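Shown next, in structure tokens, is the structure this report addresses.
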Amino acid sequence: MTSATNPAAPDQLRRRGRPTPERAPATEPLVPRRHFIRTALAIVVGVYLIAIVHSLITNERFNWPVVGRYLFDPLVLGGVLNTILLTVLAMVFGLLLAFFVAQFALSASRLLRAAALVFVWLFRSVPLLVLLLLLYNIGALYEFIPVGVPFGPAIIELPTTGISAFAVAVIAFAFHEAAYSSEIIRASIQSVPRGQAEAAMALGMSGSRTMVRIVLPSAIRVALPPLMNQLIMMLKGTSIVAFIAFPDLLFSVQKIYTVNYEVMPLLVVASIWYFILVSTLTIVQQLIERRLARTTRRRGTAAAPAVTA
Amino acid sequence: MTALLEAHHLRKAFGHVVAVDDVSLEVERGEVVCLIGRSGSGKSTVLRCLNHLDPPDEGWVAVEDEILGYERRGGRLRQLPARTLARQRRQIGMVFQQFNLFPYLTATENVIEAPIGVLRRNRAEQVERAHELLHRVGLSHRIDAYPGQLSGGEQQRVAIARALAMQPKVMLFDEPTSALDPELVREVLEVMQQLAEDGMTMVVVTHEMRFAREVGSRVVYLDGGRIVEQGTAEEVLTAPQEERTQRFLSRML
């Protein structure tokens, strides 16, 4: 049998993107099974998707012209910027704090481990909204927060009465983020085989150098996906600052629709912006992961061509 | 002249299990000391005590009379800061059973990481030296490979080059061929034999009795965390005096 009289086999190979070998098949062609249920399901899902898109276009109550008008409204753009600013600051402070909490959790000292445990337990237990409201009204508990020696003299006393909604939000989100991220960071550090650190120590590296140069580069590959998840959840979670009247994205559109009553179009505007922000983060995550994976990916391929010195 | 490496009455327990019980050892320059014994006899822990990866509970280790991690003051040994121990460890190279190469660095980067980061040496010069060392262990063609692209034997030879890059005074080998496929064992043992012939002082935990016999200048048999018998390879391996050594060796051969 020649390949001319049997076009099925080479055709299948071509479809999978492999180079087509110019030779007659050595045996009878293999015919893959048809998957009727899978095909039927795909058609049903496809029809539903078209129906959803159709309704988005034809339902006039979405009021797309209003959506378009307010998408780049200065008030909305200001809200987007505030949301980004709040997320970035809370992430930076949160991750810094999380790293130190994770180090405490891995410390040899029982007291430091307990302190980390209590921190995580506390800030994972209190709902974010409750934490936000507690901090916003902290003046009812402490009029001043002294910075200095406990029970001793204070260097400065921070007044709590005039504290801004923005500062409260950054602190609340940073603590919340730190509690969750510290667990991610701790687990990722523990996932690095002990031998890595031992080899580094045996070479005479200090503890901190071992952590920064050897352990963290391995740990970050484990920690990145859950940390990005955490960041995306926080980005959307910042919308609850509307409760303490901080003009983030959600609060900004609320301000607009309480005046013009175009509630749904403006909530769609907010959704579109959240969608854009989260998509950007997802793309950034993929870029970072691809970059980190370079060395692992090269593993499979480079074995064949021998490198000459 | 005193011994290059001296272990003085080491004791190490993990919980209630005493892994090392009153072990003293002196290693002279150029000596190849092989530690043998059943698994669980404490030979690996003795080795790990020698560079304080497992800090001993009692006793001390000294390299050229300098005690690791402690200083003598007022009739006591007081612990020194961790960076002092890190500095002292640079004189002691170590090769692990599981290689423990840094997975995201190439062979060359694995070798230069510590000389550049710790000793602050010039990078270009160290890359050149790393290539020489990799050539010496027969890996000239694998200088840019990542650990995952290397066979176990190749990884272990990179690990040896990495340890040599710090120009240690003594090399510790912790069962360097135990994780290898049988056909890869020889390439690693050959590199170690060459190293011994070049005059490197070595302490080797091993199950390779032929290596111990041919390369080892001294063989130490451990059981239950204690040294049972030691002597030249000929004495211990061919005519062991202790009954426990005899039983162990008859099972090994």
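For chain A, what ratio Rg/Rh do Cα atoms give with a Kirkwood hydrodynamic radius?
Result: Rg/Rh = 1.12.
Which value, in debye to the nearest 20, gives the size of the charge dipole of the protein assembly as shown about its Cα centre, when Lys and Arg are +1 and Asp and Glu are -1 at the Cβ?
The calculation lands at about 1480 debye.
Quick one: B:Leu249, B:Leu50, fewest Cβ neighbours within 10 Å first, how do they rank?
B:Leu249, B:Leu50
Which distance in nm do the two modelled labels at A:Ile43 and B:Gln167 give, with both placed 7 Å along the Cα-to-Cβ direction?
7.8
When we measure straight from the Cα of A:Lys236, which lysines land under 27 angstrom away, once same-chain ones fewer than 8 places off are left out?
A:Lys255
State, to one decimal in nm, how far the label point of A:Ile57 lies from the label point of A:Arg23, with both points 7 Å from Cα in the Cβ direction.
5.2
Only helices at least 30 Å long along their axis, Cα-based, and averaging -1.0 or more on Kyte-Doolittle count here, so list those DSSP H runs from chain A.
A:36-58, A:74-105, A:165-190, A:263-301
Have a look at A:Val192, A:Val253, A:Ile220 and report the one farthest towards the positive end of the charge dipole of the range A:187-297, computed about the Cα centre with Cβ charges (Lys/Arg +1, Asp/Glu -1).
A:Val192
Relative to a virtual label point 7 Å from the Cα of B:Glu243 in the Cα→beta-carbon direction, which members of the range B:203-231 show backbone nitrogen distances below 19 Å?
In the range B:203-231, the label zone of B:Glu243 (backbone N under 19 Å from the point 7 Å along Cα→Cβ) covers B:221-230.
Give me B:Lys43, B:Lys12, A:Lys255 sorted ascending by neighbouring Cβ count inside 10 Å, so fewest comes first.
Lowest to highest Cβ neighbour count: A:Lys255, B:Lys12, B:Lys43.
For the charge dipole of chain A, defined by +1 on Lys and Arg C-beta atoms and -1 on Asp and Glu C-beta atoms about the Cα centroid, which residue among A:Ala154, A:Phe144, A:Ser239 has the Cα displaced farthest towards the positive pole?
My answer, from the dipole projection, is A:Ser239.
Compute the distance from the alpha-carbon center of the range A:96-135 to that of the range B:107-129, in whole Å.
Answer, in whole Å: 39.
Can you sort B:Ser44, A:Ser181 so the residue with the fewest Cβ neighbours within 10 Å comes first?
B:Ser44, A:Ser181
If you place +1 on the Cβ of every Lys and Arg, -1 on the Cβ of every Asp and Glu, and leave all else neutral, what size is the dipole of the range B:168-236 about its Cα centre, to the nearest 20 Debye?
Value, rounded to 20: 260 debye.
Any idea what Rg and Dmax come out to for the protein assembly as shown if you just take the C-alpha atoms, in Å?
32.6, 101
What ratio of Cα Rg to 2.2 N^0.38 Å holds for chain B?
This ratio for chain B stands at 1.01.
Among all the lysines, which ones have a C-alpha under 24 Å from B:Lys43's C-alpha, if same-chain residues fewer than 8 places away are not counted?
Within the straight-line cut-off, B:Lys43 pairs with B:Lys12, B:Lys169.
Once you place label points 7 Å from the Cα toward the Cβ at B:Arg73 and B:Gln194, how far apart are they in nm?
4.6
May I ask for the distance between the Cα centers of the range A:144-184 and the range B:31-45, given as a whole number of Å?
So the separation of the two Cα centres works out to 55 Å.
Which ³J(HN,Hα) values in Hz, rounded to whole numbers, follow from the phi angles of the range A:146-153 under the Karplus curve 6.51 cos²θ - 1.76 cosθ + 1.60, where θ = phi - 60° and Gly and Pro get x?
Computed from phi, the couplings for the range A:146-153 are x, 10, x, 7, x, 6, x, x Hz.
If you scale each eigenvalue of the Cα gyration tensor by 5 and take the root, what three semi-axes come out for the range B:155-214, rounded to whole angstrom and sorted largest first?
Whole-Å semi-axes of the equivalent ellipsoid: 18, 14, 10.
Rounded to the nearest 500, what is chain B's calculated 222 nm mean residue ellipticity when only DSSP H runs of at least 4 contribute -39500 (n - 2.57) each, over all residues?
-10500 deg cm²/dmol
Would you kindly derive the ³J(HN,Hα) couplings of the range B:100-113 from the backbone phi angles with the Karplus curve 6.51 cos²θ - 1.76 cosθ + 1.60 (θ = phi - 60°), listing them in order in whole Hz, with x for Gly and Pro?
These are the phi-based 3J(HN,Hα) values: 6, 5, 7, x, 9, 10, 6, 3, 4, 5, 4, 6, 8, 3 Hz.
Each value in this text was obtained by applying a stated rule to the coordinates, not by laboratory testing. All figures in this text were calculated on a predicted structure; none of them were measured in a lab. Note that we place each Cβ from the backbone using ideal geometry, even for glycine, and neighbour counts take in every protein chain shown.
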